[in-house]
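In what follows, a structure is listed as structure tokens, so that the remarks can point back to it.
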Amino acid sequence: MDGLELLWNARPQPKRGPRPALTTEQIALKGIEIADAEGLAAVSMQRVAADLGYTKMSLYRYVPGKAELVALMADLAIGAPPSLPGDGWREQLSAWAQALLPGFARHPWAIEATTGPRIIGPNEVAWLEAALSALDGTGLAGWERMDVVVVLSGHVRTIATQLSATPNGDPERQFGIVLFEIMREHADRFPAVNAALTSTLTEGGQDDALDFGLARILDGIGALIATR
């Protein structure tokens, strides 16, 4: 069984003989548990098998190898997309991006697992379908719609990476604190940085990177749609 078949076609249960001791979902959940705690590099067929109380060779009855295991993990961790509220493309894409962030924030290893050539599962394709469907009727070409999804997901992934790097606090606030200390001694060397930081501290506006970036991206998409 290859990776695509594993993710896309349910394995039939044998009608005779002993029932399988494990399921691919159980195996993927154990991999997710390890990756959440120790990172994707800690996941191996040997480690997952040992944590489940089985031998490495017995795991190959269910999953062909690590690439397929990681694909199963990522698809399960991301989950299926929710129904998108609103009737307009902007409201739906905004909701799409907001819904995508928590999965990557909870499972930061999934960013690496869903980058580059890989086995793609049904949940990941369902997220793509939801975003592309929101752009129906906008006049954008198919490749433009695909690029919209790439840009939006890239913004979400960036914010998720920042959140995962500061699990005990707000990344923007912590970055601002460090900058503030630097500006105490070096404000004259970096006047633009000092002015922007001072404005942020006095006028507010922190903790808004996701919404600010999302709004600017959607503004640009709206301007493109208006030309069609």
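Just so you know, all these numbers are worked out from the coordinates, no wet-lab data involved. Values in this document were obtained by computation on a predicted structure and should not be read as measured data. Every residue, glycine as well, gets a Cβ built from its backbone with ideal geometry; the counts of neighbours run over all protein chains shown.
What number comes out for the charge environment of Leu59, summing +1 per Lys or Arg and -1 per Asp or Glu over other residues with Cβ under 12 Å away? Kindly include the intermediate steps, with their values, before the conclusion.
Details: positive: Lys30, Arg47, Lys56, Arg61, Lys66; negative: Asp51, Glu68.
It works out to a net charge of +3.
If only the Cβ of Lys and Arg carry +1 and only the Cβ of Asp and Glu carry -1, the dipole of the chain around its Cα centre is close to 1120 debye.
Each label was represented as a point 7 Å from its Cα along the Cα-to-Cβ direction; for Lys66 and Ala41 these points are 1.1 nm apart. Neighbour counting of Cβ atoms within 10 Å sorts the residues Leu59, Leu197, fewest neighbours leading, into Leu197, Leu59.
A simple spin-label model places the labels of Trp8 and Phe180 5.3 nm from each other, with each point 7 Å out along Cα-to-Cβ. Taken as Cα centroids, the range 22-36 and the range 181-226 sit 40 Å apart, rounded to the nearest whole angstrom.
A crude spin-label estimate for the pair Asp188 and Val151, with each label 7 Å from Cα along the Cβ direction, gives 4.3 nm.
Relative to the dominant Cα principal axis of the chain, helix 171-186 is inclined by about 40°.
Averaging the Cα positions of each part gives two centres, and for the range 42-63 and the range 84-155 these lie 32 Å apart.
Taking a ≥ b ≥ c as the square roots of the Cα gyration tensor eigenvalues, the chain comes out oblate, since a/c reaches at least 1.5 and a/b does not exceed b/c.
In the chain, helices alone account for a calculated mean residue ellipticity at 222 nm of -21000 deg cm²/dmol, with every DSSP H run of four or more residues adding -39,500 (n - 2.57).
Counted by Cβ distance under 14 Å from Val125, the other residues give a net charge of -2, where Lys and Arg count +1 and Asp and Glu count -1.
How much length, in nm to one decimal, is gained on full extension between Leu224 and Arg173, taken as 0.36 nm per residue of separation minus their Cα-Cα distance? Please list the in-between numbers first.
Values: separation 51, 0.36 × 51 = 18.36 nm, distance 3.38 nm.
The span from Leu224 to Arg173 would gain 15.0 nm if fully extended.
In plain terms, the chain from Ala80 to Tyr54 could stretch by 6.4 nm, reckoned as 0.36 nm per residue minus the Cα-Cα distance.
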